Amino acid sequence: MKNSVRRGAAGLAAGVAVVGLLAGCGDKVVKKGDLQSQIKEKVSAAATGSKVGDVTCDDNLKAKVKATTDCTVEIDGKKQTVTAVVDKVDGDKVSYSIKRKG
């Protein structure tokens, strides 16, 4: 999947990130704090010329294909909702895409 983010808050569709899974109460998840950091990093890299502020996610991201969680990303002072969607789970790694909601 290719990364593409249009300047500013006009459009957001960041690329795929691969992260280690963390155990939580028996279920494998990407912890909310790690997810927020990774999304901020990916959006910042793709949103050239824009200021990316706080990222807040609703919950951990379960390591299950098609699992989702919504996150709010602040870009140039405007909040946007994105959805992290698990595309693939391979051992201790999960690949997910970040898509603008709406």
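Observations on the model:
- Only one of Asp70, Asp54 that is part of a strand (DSSP E or B) and loosely packed, with under 13 Cβ neighbours inside 10 Å: Asp54
- Residues that are of a type in the set (D, E, K, R), under 18 Å from Asp34 (Cα atoms) and free of Cβ contacts under 8 Å to residues at least 40 places away in the same chain, drawn from segment 45-89: Asp54, Asp58, Asp59, Lys62, Lys64, Asp70, Glu74, Lys88
- Residue within segment 30-50 that is modelled with pLDDT of 85 or more and touching a helix residue (DSSP H, G or I) at 6+ places or on another chain (Cβ under 9 Å) present: yes
The values are calculated or read from the model by the stated rules, or taken from the named source; none is laboratory data. Note that the coordinates shown come from a computational prediction; the quantities given were computed from them, not determined experimentally. Methodologically, a virtual Cβ is constructed for each residue, glycine included, from the backbone with ideal geometry; neighbour enumeration extends over all protein chains shown.
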